[in-house]
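In what follows, a single structure is set out as structure tokens and then discussed.
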Amino acid sequence: MGIQGRKVAVVGMGGVFPTCNHLEEFEHKLFSNQSLIRYWDKALAHGKNIRSHVAGFITEEEAHLKPVYSTLVEDYPETYIDLLNRIPDIHLATADIGSIWTMLGAADAIKMAGWSTSEVQSEQTGVVVGSGSCGNEIQRIAWHSFFVLGKKTRFAGGHNVDRAMVYREAANLSCFIKNKGVCEAIGSACATGLGNIGYAYRLISFGLQDRVVAGGAEGTALESFLGFDGMQVLSRGFEPHESSRPFDKDRNGFVCSFGAGIVCLEAYDLAKARGANILAVIDNYFNNSDGDGDMFAPSFNGQRRLWQGLLKNIPFKPDVVKVHGTSTPTGDAIELLSVVDSLGDKGYHIAAPKSQFGHMLGAAGAVEFITALLMLKRQEVLPCLNAVNLNPEQETFQTTSTWEGSKEPLAYYRDLLQQQSFTKEINSITCLNYGFGGTNSAILISRDDQ
């Protein structure tokens, strides 16, 4: 439990998003029902060796970065040049692409928060940022140079460790902003982004920090894409803008995407006292594990317990549920039925941002948390794109004797899932994210005036 009265406010947000130059463009494209997914040239180059060829990716050029390639190891970016001079060279030298995105997103979020230099560099300011992988692209080239080409270790440069270590985003960000509080990374697969924000919330709620820069990042890397393609869980057979289709009966997998989402959290009383623009108040965060021993399959009971923990002692229900909504056949069905098990089938709507930009893995929860902040700001619900036809028949698991949830087919809940954004009074939003290993995360946010 949090300390009584220690409320937490969200006061800043920023990030790096596919096909968008800045947060404002990201917001415009989302609420005009656009897709940020496109064919990926790097995947297409491998032909039939890769089943899926679409992604929500970001190139170096689109992020206004220029790679500086090694003269000793082919295709190895030793560092990057920031063409807009946003990050000093010393911090670029220790960062992979996802860490650079983290620093860029944090700079924007801190600017929006209005924190002073002394506040940022305080012992009461922490950094909690994670990702779903560990520098795959950097490590692949370095190890190929040594093990296959037989080159000396120094050929890969002196920064392979810091550019690929598991908490590289947090470390690079902490060095960039020079905070003196906590510097940590929480890893929980596809729940990482939201998990880091939830942990940051607890640090402030427990009185351990006054401010935290938190979120998640997932740098563009074909290596990450290949692993999921090999599992045969990526979408295929549709045009890019139709590929991510949560809850649609023809869904056949998720779209692998990349990006970064960073938010600034602050003790509510401090934010209020300095006249900060409070984007949202965090009412509660809860996370748990399925406990059924299955690495991959979603758990109805695990998600039911997640809802029970989140809404305990909360006197209201959310107006919008921002779902995980990956477009996987079983995952979507279990999630929708767990939502209606907890909230009923009226009085709220469901938004599925992955339908517009795909699954950003370790960044997913953080970027989708930003979409929730934007929904609160605009009083508009984001769509479930491509949820054209919902299954009119029961799912197979609904017909078993052990099933405890609704017996209604997904099509029964059609009204909860709109395919276009629409205006609605929104006072509170729940964000959901899940990950391999049975990890589940949920956060509830509200408007400040509520």
When the stretch 150-182 is examined, which residues are found to be open to solvent by 50 Å² or more (accessible area, probe 1.4 Å) and touching a residue at least 60 places away in the same chain (Cβ under 8 Å)? Lys151, His159, Cys175
Extreme residue, most open to solvent (accessible area, probe 1.4 Å), among residues of the stretch 241-294 that are closer than 14 Å to Ile37 by Cα and in a helix (DSSP H, G or I): His241
Matching helices (runs of 4 or more DSSP H) fully within the stretch 303-412 where at least 2 residues are at negative phi and of a type in the set (A, V, I, L, M, F, W, C): 329-343, 364-378
Does Asp229 satisfy the condition of being open to solvent by 20 Å² or more (accessible area, probe 1.4 Å) and either within 18 Å of the chain's Cα centre (by Cα) or among the acidic types (Asp, Glu) (or both)? no
Among the residues of the stretch 421-435, are any open to solvent by 70 Å² or more (accessible area, probe 1.4 Å), of a type in the set (S, T, N, Q) and touching a strand residue (DSSP E or B) at 6+ places or on another chain (Cβ under 7 Å)? yes
Is it fair to say Phe238 is within 27 Å of Val16 (Cα to Cα) and not in a strand (DSSP E or B)? yes
Run down Gly12, Gly56 and say which single residue is in contact with a strand residue (DSSP E or B) (Cβ under 9 Å, 6 or more places away or on another chain), surrounded by 15 or more Cβ atoms within 10 Å (Cβ to Cβ) and farther than 30 Å from Ala271 by Cα. Gly56
Matching residues, the stretch 84-115, being open to solvent by 10 Å² or more (accessible area, probe 1.4 Å), at negative phi and of a type in the set (S, T, N, Q): Thr94
Being aliphatic (A, V, I, L, M), touching a strand residue (DSSP E or B) at 6+ places or on another chain (Cβ under 9 Å), part of a helix (DSSP H, G or I) and touching a residue at least 40 places away in the same chain (Cβ under 8 Å): is that true of Ile186 here? no
Cβ-Cβ distance below 8 Å, separation of 6 or more or different chains: which pairs start in the stretch 38-51 with a residue that is within 14 Å of Leu234 (Cα to Cα) and in contact (Cβ under 8 Å) with a residue 60 or more places away in the chain and end on one that is open to solvent by 90 Å² or more (accessible area, probe 1.4 Å) and assigned to a loop (DSSP other than H, G, I, E, B)? Arg51/Gln232; Arg51/Arg236
Answer with yes or no whether Thr326 is open to solvent by 10 Å² or more (accessible area, probe 1.4 Å), among the β-branched types (Val, Ile, Thr) and more than 24 Å from Phe26 (Cβ to Cβ). no
Kindly list, by first and then second residue, each pair from a residue in the stretch 200-220 that is under 20 Å from Ser118 (Cβ atoms) and outside any helix (DSSP H, G or I) to a residue that is open to solvent by 10 Å² or more (accessible area, probe 1.4 Å) and among the acidic types (Asp, Glu), limited to pairs with Cβ atoms under 9 Å and residues at least 6 apart or on different chains. Gln209/Glu123; Asp210/Glu119; Arg211/Glu119
Picking from Lys29, Lys42, Lys48, which residue would you name as being of a type in the set (D, E, K, R), surrounded by fewer than 20 Cβ atoms within 10 Å (Cβ to Cβ), in a helix (DSSP H, G or I) and touching a helix residue (DSSP H, G or I) at 6+ places or on another chain (Cβ under 7 Å)? Lys42
The residue from Ser342, Ser338 that alone is open to solvent by less than 20 Å² (accessible area, probe 1.4 Å), in contact with a Lys or Arg (Cβ under 9 Å, 6 or more places away or on another chain) and not hydrophobic (A, V, I, L, M, F, W, C) is Ser338
Does the stretch 125-145 contain at least one residue that is at pLDDT 90 or above, more than 19 Å from Gly219 (Cβ to Cβ), of a type outside the set (Val, Ile, Thr) and open to solvent by 40 Å² or more (accessible area, probe 1.4 Å)? no
Touching a residue at least 40 places away in the same chain (Cβ under 8 Å) and farther than 19 Å from Glu395 by Cβ, is that true of Leu337? no
Filtered residue count, the stretch 239-258, keeping only those that are within 17 Å of Glu368 (Cα to Cα) and of a type in the set (Ser, Thr, Tyr): 2
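The values are calculated or read from the model by the stated rules, or taken from the named source; none is laboratory data. Worth saying up front: this structure is predicted, and the values here are computed from it rather than measured. Glycine also receives a Cβ, built like all others from the backbone with ideal geometry; neighbour counts cover every protein chain displayed. These area figures cover heavy atoms from the full protein model, side chains too; ligands, DNA and RNA do not enter into them. Shrake-Rupley method; radii C 1.70, N 1.55, O 1.52, S 1.80 Å.
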